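Shown next, in structure tokens, is the structure this report addresses.
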Amino acid sequence: MFDTLASAVAFGVVLASVIAIAAMGFTIQFGLTNVLNLSYGGIMTIGGFAAYLVTSHGLSAWYGLAVGAVAGAIVTLVVGRGIFAVYARRGARVFEMMMVTLGLGLVIDYGLQALSRNNIYEFTVLQSTPISLGPIILTPTQVIIIGIGLALFVGLEALLRLTKIGKALRAMAADPALARACGIRTRQIVVLTWLLSGALCGLAGVVYIINSQSVGYTTGELFLPLVIAAAILGGAGSPAGAVLASLLMGIVTQVVAAYGGSLYSTAAGFGVLVIVLLSRPSAVLTKQANEELTLA
Amino acid sequence: MSAWSYYISTLAVYFGIDVLSGISLNLQYGYAGVVNLAFIIFQSVGAYVAAATALGPDTGAGAFQHYIFAASLPFPIPLVLATLAGGALAGVVGLFSLRRMRRDYQGAIMLIVSLIALQVVTADVSLFNGSNGLTGVPKPLSFLPVGPLSYQWAYAGWVFVFCVAVYLLVRWLSRSPWGRALKAMRDQEEAASAIGLNITVLRLQVFVVGGLIAGLSGGLLVEYIGAWSPGAWGYAETFVIFTAIFVGGLGNYRGVVLGVLLVPVVFLQVTQFLPQIGYPGLMDSLEWVVIGLLFMLCLLVRPRGILPERKPVATEANAFPFATPGLLPYLRRRLGRPVA
């Protein structure tokens, strides 16, 4: 009984690490630019496929992580500057922008379906002996995933709290006009945001496929609900909130899977979303003043 | 010749069903500003309910699929139940997701609801037979003494009857005080609230009305094609109808008809006649890519659609009851003759 719970919680922490990496990127991007980017899942999948291509040529999964991060960063910067900014200049508001990102998500998802020939590819990393810690048995890969999540969280918090760039990022998320008036180079900060959130997005894609051991064109799309729910629950623009929310959702999902059958573990994610809506209405309430996009 | 007739009657049925979907979404988004990116689950619940209540019991010899609501009800009842199911699901979803929030949040939450519903129905075989879906739904108009080809046209006519009825109903609704309240809510939510409109109730009402139409369209669709499975209701299907009403023009019904004619019918059917390139299935993927690009292009070059909504203009001739001297010009205008 207790053993089942303990190992379910451990698996929950592994899943939470994957959600958290994606949700941290999402929450920075959303908090700063105000673009609710529904193509985020598609860009995760791009990162995953990039890593798959690298490792299938014989390089190790570490290179896959690096390549996935770079791919995510570049694609995000290109769509941010090349597509989203164009719509923002034409006067798109938050809702139109969300529909644009949904259209872009469709283009990315089905473009990847076309390129991947609608197949699911196996993605395996070298497995070694599992580590047992009392009732909890984790593979070294899972431990590494938790480590990556933790390292990224600490690094991101350090960047935001201790450096001048982080201060500028936080200032822009709080009030873009005031930040600009204070002499912050807002254009460069937006570019940095696209790169940073895109890198986290690509990394999350790679970590996700390392965990699930396969990659297909729907990988990111199926994962996106959990990421968005975590970002909203944690509060837009707050990596710490996103990590806590990810832990909650990861553990809930895995505990439900352990006891109630895997069928309903996704429904549990749905339950968390309902709780978000009912318990934190302030997170999603209308703020008229906050409907402006910050893209330049 | 008869192959063409068969093909065109099939297109006519799809056109009618897509017009119903477009009317539903246009009422919700075009008139009321409620973003329903979960549209397809309301159509889908209608389809499943219509199928399950017509298929008969799922136990006994020869039973190869499992579903809830098993019954074998006579002809029009499954369709009625499908309509009600769409409305009921819309009511339930609307109750917890239609809070006052930013429209992009609203859209994202609806999209998530749609994705999760798809995962649950796919995974849980006991609901509606999981990923295999339901097949063998009986043809509803089989009592007609006609051949297969005439049946096609009879069904198309049957769908068009609903199209016209729903169109007239929704046009009446949107010109009523309730319809003007919806537009007020869409354009100036706070002002609408300030003059005493209950925004939450209005949103829920328009959501349920749209859900009823969606359920009806799903029932009509499944009784035509005879099968329904999770492959038929990805989020992309909702996006096609959204693209149609954005391309055609939001907030008016000519725009809906034009958009549905252009996007799901002409656009998606023309590709059937292009030579197949690459491996099988490549064209299907590229079709979705192009739909996504079409939407993005539409929003860039013609954000209000091909036939934009006419803004109401308060002229003397329009304000009939309050400007009696304008009665004659008003009537002439209504009758379409030039005002002297």
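Each reported figure results from applying straightforward, stated rules to the coordinates on display, with no laboratory input. Computed from a predicted structure; not experimentally measured. Ideal geometry is used to build each Cβ from the backbone, glycine not excepted, and the neighbour counts take in all protein chains shown.
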Run through every distinct alpha carbon pair of the range A:119-224 and return the Kirkwood hydrodynamic radius in angstroms, one decimal place.
16.6
With θ taken as phi - 60° and the coefficients 6.51, -1.76 and 1.60, list the Karplus ³J(HN,Hα) couplings across the range B:243-250 in order, rounded to whole Hz; mark glycine and proline as x.
4, 4, 6, 6, 5, x, x, 7
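Expressed in nm to one decimal, what extension gain is obtained for the pair A:Ile131 and A:Cys182 from 0.36 nm per residue of sequence separation less their Cα-Cα distance?
Roughly 13.2 nm would be gained on extension.
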Crossing angle, helix A:2-33 versus chain A [Cα axis fit, 0-90 degrees, rounded to tens]:
20
In square nanometres, what is one fourth of the surface area of the convex hull spanned by the alpha carbons of chain B?
21.7
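Explain nothing, just the number: dipole magnitude of the range A:146-200 about its Cα centre with +1 on each Lys and Arg Cβ and -1 on each Asp and Glu Cβ, in debye rounded to the nearest 20.
Once rounded to the nearest 20, the dipole reads 220 debye.
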Read phi for every residue in the range B:117-126 and hand back ³J(HN,Hα) as whole Hz from Karplus 6.51 cos²θ - 1.76 cosθ + 1.60, θ = phi - 60°, with x for Gly and Pro.
4, 4, 5, 5, 5, 5, 7, 8, 5, 6
At q = 0.17, 0.18, 0.19 Å⁻¹, the log10 of I(q)/I(0) for the range B:4-154 from a Debye sum over equal Cα scatterers comes to -1.12, -1.20, -1.26
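Suppose every Lys and Arg Cβ carries +1 and every Asp and Glu Cβ carries -1, with no other charges. What dipole size does chain B come out with about its Cα centre, to the nearest 20 debye?
1420
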Sorted by chain and number, the residues with a modelled amide H under 5 Å from that of A:Val125, at a separation of 5 or more or across chains, are none
Rounded to whole Hz, the Karplus (6.51, -1.76, 1.60) HN-Hα couplings of the range B:270-284, x for glycine and proline
4, 5, 5, 9, 6, x, 5, 10, x, 7, x, x, 5, 4, 4
Sequence neighbours fewer than 8 away in the same chain don't count; with that in mind, list the aspartates and glutamates whose C-alpha is under 15 Å from B:Lys311.
B:Asp187
Taking r as the C-beta separation of B:Arg175 and B:Tyr279 and R0 as 51 Å, the FRET efficiency to the nearest 0.05 is 0.50
Over all residues in B:242-249, what is the mean tally of Cβ atoms on other chains that come within 10 Å of each residue's Cβ?
1
Specify the inter-centroid distance of the range A:227-245 and the range B:262-289, based on alpha-carbon positions, in whole Å.
39
Just tell me how shielded A:207-215 is by partners: mean number of partner chain Cβ atoms within 10 Å of each residue's Cβ, no decimals.
0
In Å and from the alpha-carbon atoms only, list the Rg and Dmax of the range A:49-99.
15.8, 47
Once every DSSP H run of n ≥ 4 in chain A is given -39500 (n - 2.57) and the sum is divided by its residues, what mean residue ellipticity at 222 nm do you get, rounded to the nearest 500 deg cm²/dmol?
-25000 deg cm²/dmol
Taking the range B:234-309 as the region of interest, what is the percent of Cα-Cα pairs per 10 angstrom bin, listed from the shortest bin to the one with the maximum distance?
20, 48, 25, 6, 0
If amide H atoms are modeled at 1.01 Å from N in the peptide plane, then the residues at a separation of 5 or more from A:Ser39, or on another chain, having amide H under 5 Å from its own are A:Gly105
Which listed residue (A:Phe30, A:Ala174, A:Gly103) has the Cα farthest towards the positive end of the charge dipole for chain A, taking +1 on Lys and Arg C-beta and -1 on Asp and Glu C-beta about the Cα centre?
A:Ala174
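Which translational diffusion coefficient, to the nearest whole µm²/s, is obtained for the range A:20-217 from the Stokes-Einstein equation, given a Kirkwood hydrodynamic radius over C-alpha pairs, 4 °C and 1.567 mPa s?
D, rounded to a whole number, is 73 µm²/s.
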Based on alpha-carbon centroids, what's the gap between the range B:70-134 and the range A:113-127 in Å, whole number please?
31
Above 43 angstrom, tally the Cα pairs of the protein assembly as shown and express them as a % of all pairs, no decimals.
26
Dipole magnitude (debye, nearest 20) for chain A, charges at Cβ of Lys, Arg, Asp, Glu:
960
When Cβ neighbours within 10 Å are restricted to other protein chains, what is their mean count per residue of peptide A:106-119?
6
Relative contact order [Cα under 8 Å, 6+ residues apart], chain B, whole percent
28
Using just the helices of chain B, give the 222 nm mean residue ellipticity in deg cm²/dmol: DSSP H runs with n ≥ 4 each add -39,500 (n - 2.57), and the total is spread over all residues, rounded to 500.
-21000 deg cm²/dmol
